[in-house]
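The values are calculated or read from the model by the stated rules, or taken from the named source; none is laboratory data. Just so you know, these numbers come straight off a predicted model, no measurement behind them. Using ideal geometry, Cβ is built from the backbone for each residue, glycine included, and neighbour counts are taken over all protein chains shown.
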Amino acid sequence: MSAASISTDLFEAARLGDQHAIVRLLETAQPDIRRYARATCRSSADAEDAAQEALWILFRHVGTIRTLLSLSSWLFSVVRRECLRLARKAGLAVPVDDNVAGAVLLARPEADLRLDIAAALEALPPHYRDVALMRDLKEMTIDEIATAHGITREATKARLHRAHTLMREYLTR
């Protein structure tokens with residue numbers, strides 16, 4: 001769902017509880033939600049159920065969504081979760097996601113896991129490694145890390161996210 005198809009005024013009115021705006025928001029979002037559900041769910045019946053549930057959740061929680069930019073990612077994650085829930089309920093195999101990969105990693109012996117994490121950290125480029133170590137080991141705040149590196153808060157968050165992604169890829173190979 002593109003944020004361009006929904007105006008800021010419509011989103012804000014819906015967020016503030018205007019029932020007419022909420023209905024228009026649901027009507028505008030519905031085609032993209034259904035399309036994504038059809039691509040994500042295992043059956044057309046599940047796709048319909050997931051789309052309906054996502055629209056219902058949007059109706060109930062539109063006031064909690066902070067910005068128009070976060071609306072589409074929030075909605076698509078609701079649809080994806082619902083598709084996964086329906087697949088589990090039907091007893092179908094669910095594709096491996098980050099939570100399953102994390103559970104597999106944690107099931108390994110602690111000594112092996114420590115060595116693998118150290119190797120994953122060592123494999124990171126230095127600018128990512130420094131940010132990850134400062135945040136995860138030294139427990140520094142994003143602002144403290146940004147100041148220490150002389151970069152913006154956003155750049156720090158991007159580096160940290162990239163470091164974690166690269167480590168996850170390294171560890172799940």
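Selection within the range 27-66: residues that are of a type in the set (S, T, N, Q) and surrounded by 14 or more Cβ atoms within 10 Å (Cβ to Cβ). The member of this set that is modelled with the lowest pLDDT is Thr40.
Does Arg34 fit the bill of being closer than 23 Å to Ala87 by Cβ and in a helix (DSSP H, G or I)?
Judged against the criteria, Arg34 is a match.
Do we have any residue at all in the range 111-127 that's in contact with a His (Cβ under 9 Å, 6 or more places away or on another chain), in the same structural domain as Ile145 (by TED's automatic domain parsing) and modelled with pLDDT of 85 or more? Scanning the range 111-127 turns up at least one residue that is in contact with a His (Cβ under 9 Å, 6 or more places away or on another chain), in the same structural domain as Ile145 (by TED's automatic domain parsing) and modelled with pLDDT of 85 or more. Leu69 fulfils the conditions (1) closer than 30 Å to Asp18 by Cβ; (2) modelled with pLDDT of 85 or more; (3) aliphatic (A, V, I, L, M) except for a single criterion, (2). For the range 112-159, a tally of residues being among the β-branched types (Val, Ile, Thr) and assigned to a helix (DSSP H, G or I) returns 6.
Residue selection: Leu10 satisfies the criterion of being in a helix (DSSP H, G or I) and in contact with a Leu (Cβ under 9 Å, 6 or more places away or on another chain). Please verify whether Val62 is assigned to a helix (DSSP H, G or I) and touching a residue at least 40 places away in the same chain (Cβ under 8 Å), treating the condition exactly as stated. Spelling it out, Val62 is indeed assigned to a helix (DSSP H, G or I) and touching a residue at least 40 places away in the same chain (Cβ under 8 Å).
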